[in-house]
Amino acid sequence: MPKEDINADMQKDSITQALDQVAAEGRNFLDGDATAREKLIASARTLVSVAETPVESLLWNIWALPTRSVAARIAVDLKLFETAVSNNGSPKTNQELAAATGASPTLVKRVTRTCASMKMLDEEGPGRYSPNSLTRLLAQPEYASGIIFCFDAGQPSYAQLPAYLRGTNFQNPENSTDGPFQHGQKYTGHAFGWLMEHPEVFQAFHGYVHALRIHRPSWTDMYPVKKRLVDGLKAEGDASALVDIGGGVGQILQDFYATFPEYGGRLVLQELEEVIGAATAMGVGQSKRIELQMHDFFTPQPIKGARAYFMRSVLHDWPDSQCRKILGHLKDAMEPGYSRILISDCVLADEHAAWQHISLDFFMLALASSQERSEREWRQLIESCGLKVAGIYNEGEGNEGLIEVVLE
Ligand SMILES: C[S@@+](CC[C@H](N)C(=O)[O-])C[C@H]1O[C@@H](n2cnc3c(N)ncnc32)[C@H](O)[C@@H]1O
């Protein structure tokens, strides 16, 4: 049999298998198995990969994928999503979409058809678009923020990453003040310093971190809060505190209080001066339940013997050497047998890690010379500080886990 026929037969077999898988997962989902949805998506991706030719796959990766993120970023500047949903989402021409900003309709045409090709808009006819559910999501500023932050903060580092790594003979970046981010942005200092100097990107950062959080299981969904934090809580002073370190503008503590009003202790938000300023401006400190405290987590922890020191998406911002300093200050403050550290971050699977975890790991490499960590890497890091992992909690694929840490 000629080689091409053998290849064609093999491809047909793979497509048949992938189709069967899609049909099976789809049926499971429609029959009410909520966990089948992620499997359905994975099977559908496999179907695409076996149906397309290797050259099509290559072009998808080197043409379509980079085009998507830049077109989406331009669409946000052009307010295309907001305009598309206006007037009850009635279909609009490129001229109408362009009118909102005075942009050239020819340029808008090139952006809208790219957005439509990636399902960010629906194409109703030549040069005519209507919004879909993704358009409606992106029309909300906090979701558009994700596009702004990831593009403006991340893309310059990505564009320069191969050249940067060639220059280091491909060493794993571990210096958060002299790494790919600084090389790409032509900046000296940590990425957080750059963010402070770019308030619109910093605002986008906080908006999107919050927006994404509400779509994923919360740490309180997986951690036995009542048993571990509420029961046995000392009623007063530092010992009663749940301290959210690097807690952004306080949404996590607000959610915690709404979910566990029976937690009678202090709720303390620790952050950098600029972020405490933003939280104050948002009225977070007016809530008697949340205390705002300026604190740099590279300095000794002022609240001693707290019930819990919580950190979400904090340690993934830092390479191991700096995580050890942060954890070291907490270790010094903890009361044996009572205090715990709660780390809400990704816990990567050793194989077939979720695409969300893998992409975020690469993003952290480029942005902060840091990383997402597997269970083994978390244990090594925590044990190297003389601390002990008491439990690791996870819910669903690609979400953040919760790591409970105690003194040995
Ligand atoms: C990825 S954000 C996470 C924010 C929040 N925990 C959340 O999940 O929404 C990391 C936070 O660490 C804060 N941060 C960075 N360096 C810090 C430092 N040296 N001391 C205290 N907070 C710091 C930043 O301001 C930022 O809000």
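The values are calculated or read from the model by the stated rules, or taken from the named source; none is laboratory data. The structure presented is a predicted model; accordingly, all values stated were derived computationally and were not measured. Because the Cβ atoms are built from the backbone with ideal geometry, glycine has one as well, and the counts that use them run over all protein chains shown. Each accessible area value is taken on the protein alone, full model and side chains, heavy atoms only, with ligands, DNA and RNA left out. Shrake-Rupley method; radii C 1.70, N 1.55, O 1.52, S 1.80 Å.
Numbers for the structure displayed
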item: For the chain, calculated [θ]222 nm from helices alone, where every DSSP H run of n ≥ 4 adds -39500 (n - 2.57); result: -15500 deg cm²/dmol
item: Distance between modelled label sites at D31 and S14, nm, 7 Å Cα→Cβ extension; result: 2.9 nm
item: Solvent-accessible surface (1.4 angstrom probe) belonging to T135, in square angstrom, nearest 10; result: 0 Å²
item: Accessible-area composition of the chain, carbon plus sulfur, in percent [1.4 Å probe]; result: 55 percent
item: Which of R37, R216 is most accessible, then next, and so on - probe 1.4 Å; result: R37, R216
item: Cα long-axis angle, helix 355-368 against the chain (0 to 90 degrees, to the nearest 10); result: 70 degrees
item: Rounded FRET efficiency, nearest 0.05, which uses the C-beta distance separating E351 from R68 and R0 of 30 Å; result: 0.60
item: 0 to 90° range, to nearest 10: angle between helix 80-89 axis and the chain longest Cα axis; result: 80 degrees
item: Total charge dipole magnitude, region 3-138, about the Cα centre, Cβ charges on Lys, Arg, Asp, Glu only, Debye to nearest 20; result: 680 debye
item: Top positive-direction residue, dipole computed over region 3-138 with Cβ charges, set P54, G32, V76; result: V76
item: Spin-label model distance (nm) - D255 vs K325, 7 Å beyond Cα toward Cβ; result: 2.9 nm
item: Per residue value of the accessible surface for the chain (all protein chains in place, 1.4 Å probe), Å²; result: 51 Å²
item: 16 Å cut-off, amide nitrogen to a point 7 angstrom out along A24 Cα→Cβ, residues in region 41-67; result: 41-47
item: Point-charge dipole on Cβ atoms (K/R +1, D/E -1) for region 216-280, about Cα centre, debye to 20; result: 340 debye
item: Nearby lysines by direct alpha-carbon distance to K226 (threshold 27 angstrom, same-chain neighbours under 8 apart not counted); result: K234, K288, K304, K331, K388
item: Nitroxide proxy distance, nm - points 7 Å out along Cα→Cβ at F170 and F362; result: 1.6 nm
item: Proximal lysines to K3, defined as alpha-carbon separation beneath 17 angstrom and excluding residues fewer than eight positions away on the same chain; result: K12
item: Dipole moment magnitude, nearest 20 debye, the chain about Cα centre, only Lys, Arg, Asp, Glu C-beta charged; result: 580 debye
item: Lysines with Cα under 26 Å of K79, excluding same-chain neighbours fewer than 8 positions away; result: K92, K109, K119
